[in-house]
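Chemist: One structure, as structure tokens, below. Some questions next.
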Amino acid sequence: MAQTRSVVRPAFIRGEALLGLAFVLPIVVIMGSLVFLPLVTTVLDSFYRIDPMRAGQPFIGVKNYVDLAGDQNVRISWGNTLAYVVMAVVLETLGGLGAALLLNKVQRGRQWLLAAMVVPWCLPPVVNAIVWLWIYNPSYGLLNNVLMSLGLLDAPKVWFNDRGTGLFLITLVHVWRMMPLTGIILLAALQSVPRELYEAAKLDGAGSVKAFRLVTLPLISGGLAIAMSQSTVFAFNLFDEAWIMGGSSLDSRSIIVQVYLSAFQNLRFSYGMALSLLAMLASLIVSMIYVLRVYRETRMD
Amino acid sequence: MATLTLDRLRKSYGPIEVIHGLDLTINDGEFISLIGASGCGKSTLLRIIAGLEDITDGEISLNGRVINDVAPKDRDIAMVFQNYALYPHLTVRDNMGFSLRLRDVPKAEIEPAIRQVAALLGLENHLDRYPRQLSGGQRQRVAMGRAIVRKPQVFLFDEPLSNLDAKLRVQMRSEIRSLQKRLGTTSIYVTHDQIEAMTMSDRIVVLNGGRIEQVGAPLDLYDRPANLFVATFIGSPAMNLFDAKLDRSGSAPQLRLGELALAVDAPAALPNGADIVLGIRPEHIAITQAGAPGALPVRVEAIEPTGAELQIYGRFGATPVTATLRDRPMLREGDTIGLTFAPAAAHLFDKSTGRRI
């Protein structure tokens, strides 16, 4: 009996393991060929000089990275991206949390409101940016018209003349598009908090502010970390809005726009690769901070 | 020290009224159970007292002060929820100290208060654990501890034992009762389990469809149910009911039930031929041979031994009959037996009103 089992079981396990392998194979192939392989070749290529305008592809070590550190345009782009990330994450999180809290209170027609809220997120980023470009237009734009008819502005303003204002307005367009996702993630988190906990908190003597701070916030922190990570990653990768509204202007140039300019306008391929790797690392590190922090603080079921 | 009074209390959800003008006074230190089938309004009533639901009309007062518009957090009432509602992100210590922290009690006072209550409930060794690390019974105790540590005016319990297994339920039942006696805090306990209500309460409120059917001490409800609803609700298996008629043709009024004639003390208002419901509890029935004088013939349909007792299910004509016997007569399904009871054990109800005669 024991013997037959010892003979039968490994065969059975082998069969099951094979089946398991077959199941994971497609995703391994897709991820491997479309994500990991390109990532590895990008890392390797970033140590070579790859430039179609120059002969040969010599190994140059970390020269690309050293050059990047000294590149004035890259430094300004990092500054712009940092501004985008900070403003976008703050605005998306606060706005998304507000929207989620409101939607969580709505009893009837929530699905319709939710659908309406999601629309900007479904819009292609380029379309979204072009619509907003019209709104911001100095001569016929909606923003100038509204402000002037309200008497808040005397003459039309060219919004992108000021670097700070330009960065803020571009961030706003990005926030407009991405906030729904944050809102939906946080709404899901809010709905997973049992109603009895709020009732218990009420009876324990908590007003709405304290109940939010001591019960709601800790219990949605998992969702908050996910929402903030995705906000961070998408803000680091901000391209469409900056490119459509600011083009190659250094005042609004994000790090990904800089990657595009280096690689495909100046045709310094490996230089662009090195920069894109740094951008990826930066967004990874920042979002890791939230995730680890939240993971440490909320080890519950 | 708290007396709670409900005066002509009404509660509607839109056009649907769920509590219809309810009056109840709960005395200081009393343990009172609200019992009734699902949807009878018992949980709603508890939530109204907690302040989690508004009332549509009437008054609710605590120690003579009307608290209709007082927020839950200012009522000084603690509640133990059915699923405990422990804060999952806080340790047992922080769960129990939550309300004290919110009330800005100094830290130096919170810790001893928690320790004292934890000792009372046997939770001293679990203070640093999270709710998810505790068993159902321990969570139940933490929920109680969270209520006790505040020293509130009133405890509310919303079916607190329904998530525990049978053995633990029996144990917690007596623990809660003895704890409440020691603390002397006015307590309102919602349950659908009549055994819990009978064993724990000073008084029981039987609710049905948003109205009070009867309020009384547990044995009063059992011995003198005020109406047919209470008669069949309290006691398990439920009381047997027989349709009978009042006969005033003789010198003294009699109750006619098949061949049986029982002398009764009927009020003069009841006319000859009035429909009477005769109730007799299964445990007050004795069996004898079929055809014995004064016995109701019953055909046995099923026999269930429960160990200590024997449940016999049968029919008198079309009326189902249950008898609980402590001895073990030789019976088989299909037998016809005679059924007798002491006249004093019979409960009589006016069929038209359902009220006790």
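The values are calculated or read from the model by the stated rules, or taken from the named source; none is laboratory data. Treat the numbers as computed from the prediction; the structure is a model and nothing was measured. No Cβ is skipped: glycine too gets one built from the backbone with ideal geometry, and neighbour counts run over all protein chains shown.
Chemist: If you go through region B:86-93 one residue at a time, do you hit one that is more than 14 Å from every other protein chain (Cβ to nearest Cβ), out of contact with any Cys (no Cβ under 7 Å at 6 or more places or on another chain) and more than 19 Å from residue B:187 (Cα to Cα)? Spell out the reasoning first.
Modeler: Applying the first criterion (more than 14 Å from every other protein chain (Cβ to nearest Cβ)) to region B:86-93 yields B:93.
From what is left, the residues that are out of contact with any Cys (no Cβ under 7 Å at 6 or more places or on another chain) are B:93.
Checking the rest, the ones that are also more than 19 Å from residue B:187 (Cα to Cα) come to B:93.
Looking for residues that are more than 14 Å from every other protein chain (Cβ to nearest Cβ), out of contact with any Cys (no Cβ under 7 Å at 6 or more places or on another chain) and more than 19 Å from residue B:187 (Cα to Cα), one finds at least one in region B:86-93, hence yes.
Chemist: While we're looking at this one, here's another question. In the set A:260, A:198, which member is within 14 Å of chain B (Cβ to nearest Cβ), in contact (Cβ under 8 Å) with a residue 12 or more places away in the chain and among the aromatic types (Phe, Trp, Tyr)?
Modeler: Every option except A:198 fails the conditions.
Chemist: Checking residue B:21 against (1) in contact (Cβ under 8 Å) with a residue 12 or more places away in the chain; (2) at negative phi, only one condition comes out false. Which one?
Modeler: (2)
Chemist: Moving to a separate point now. For region A:263-301, which residues satisfy the criterion of being touching a Lys or Arg at 6+ places or on another chain (Cβ under 9 Å) and either within 14 Å of chain B (Cβ to nearest Cβ) or over 16 Å from residue A:74 (Cα atoms) (or both)?
Modeler: A:300, A:301
Chemist: Just checking: which of the helices (runs of 4 or more DSSP H) contained wholly in region A:61-166 hold 1 or more residues that are assigned by TED's automatic domain parsing to the domain that holds residue A:245, touching a residue at least 60 places away in the same chain (Cβ under 8 Å) and under 30 Å from residue A:268 (Cβ atoms)? Lay out the reasoning, then the answer.
Modeler: On the way: elements: A:63-70, A:72-105, A:110-122, A:125-136, A:142-149.
Hits in region A:61-166: A:63-70, A:72-105, A:125-136.
Chemist: Do we have any residue at all in region A:180-188 that's surrounded by fewer than 20 Cβ atoms within 10 Å (Cβ to Cβ) and within 14 Å of another protein chain (Cβ to nearest Cβ)?
Modeler: No, region A:180-188 has no match at all.
Chemist: Tell me the strands (runs of 3 or more DSSP E) entirely within region B:246-287 that contain at least 1 residues that are crowded, with 20+ Cβ neighbours inside 10 Å and in contact with a Leu (Cβ under 9 Å, 6 or more places away or on another chain).
Modeler: Here the list reads B:254-257, B:275-280.
Chemist: When you go through (1) under 18 Å from residue B:356 (Cβ atoms); (2) assigned to a strand (DSSP E or B) one by one for residue B:225, which number turns out not to apply?
Modeler: (2)
Chemist: Can you tell me which condition residue A:59 does not meet? The list is (1) modelled with pLDDT of 95 or more; (2) closer than 27 Å to residue A:280 by Cβ, and all the others hold.
Modeler: Going through the list (1) modelled with pLDDT of 95 or more; (2) closer than 27 Å to residue A:280 by Cβ, residue A:59 breaks only (1).
Chemist: On to the next question. Please give the number of the condition residue B:96 fails out of (1) under 30 Å from residue B:133 (Cα atoms); (2) touching a Pro at 6+ places or on another chain (Cβ under 7 Å).
Modeler: All conditions are met except number (2).
Chemist: Taking into account only those residues within region A:201-221 that are more than 9 Å from chain B (Cβ to nearest Cβ) and of a type outside the set (Val, Ile, Thr), which is nearest to residue A:293 (Cα to Cα)?
Modeler: Within region A:201-221, the subset more than 9 Å from chain B (Cβ to nearest Cβ) is A:208-209, A:211-213, A:216-217, A:220.
Next, from what is left, pick out any that are of a type outside the set (Val, Ile, Thr): A:208, A:211-213, A:217.
Details: A:208: 26, A:211: 22, A:212: 20, A:213: 17, A:217: 14 Å.
The residue in question is A:217.
Chemist: Shifting gears a bit: Taking region B:1-57, which residues are of a type in the set (Phe, Trp, Tyr) and modelled with pLDDT of 95 or more?
Modeler: Quick first cut of region B:1-57, residues of a type in the set (Phe, Trp, Tyr) only: B:13, B:31.
Listed by number, the list holds a single entry, B:31.
Chemist: For residues that are touching a Lys or Arg at 6+ places or on another chain (Cβ under 6 Å), acidic (Asp, Glu) and part of a loop (DSSP other than H, G, I, E, B), tally how many sit in region B:2-57.
Modeler: Final tally of qualifying residues: 1.
Chemist: Quickly run through region A:192-209 and pick out the residues that are of a type in the set (Lys, Arg) and either surrounded by fewer than 18 Cβ atoms within 10 Å (Cβ to Cβ) or outside any helix (DSSP H, G or I) (or both).
Modeler: Passing the criteria: only A:195.
Chemist: Something else about it: Counting only residues that are basic (Lys, Arg) and in contact with a Phe, Trp or Tyr (Cβ under 9 Å, 6 or more places away or on another chain), how many does region B:166-209 have? Break it down stepwise before answering.
Modeler: Taking region B:166-209 and keeping what is basic (Lys, Arg), we get B:167, B:169, B:173, B:177, B:181-182, B:203.
Subsequent filtering for residues that are in contact with a Phe, Trp or Tyr (Cβ under 9 Å, 6 or more places away or on another chain) retains B:177, B:181, B:203.
The number of residues fulfilling the criteria is 3.
Chemist: Got a sec? Which of B:125, B:83, B:68 is outside any strand (DSSP E or B), surrounded by fewer than 19 Cβ atoms within 10 Å (Cβ to Cβ) and within 11 Å of another protein chain (Cβ to nearest Cβ)?
Modeler: So the residue among B:125, B:83, B:68 that is outside any strand (DSSP E or B), surrounded by fewer than 19 Cβ atoms within 10 Å (Cβ to Cβ) and within 11 Å of another protein chain (Cβ to nearest Cβ) is B:83.
Chemist: Would you check if residue B:142 is buried (at least 22 other Cβ atoms within 10 Å of the Cβ), touching a helix residue (DSSP H, G or I) at 6+ places or on another chain (Cβ under 7 Å) and either under 30 Å from residue B:238 (Cα atoms) or within 14 Å of chain A (Cβ to nearest Cβ) (or both)?
Modeler: Answer is yes for this residue.
Chemist: Continuing with this model, one more query. For the subset of region B:23-43 comprising residues that are surrounded by fewer than 21 Cβ atoms within 10 Å (Cβ to Cβ) and under 22 Å from residue A:199 (Cβ atoms), which member is farthest from the chain's Cα centre (by Cα)?
Modeler: So the residue we want is B:39.
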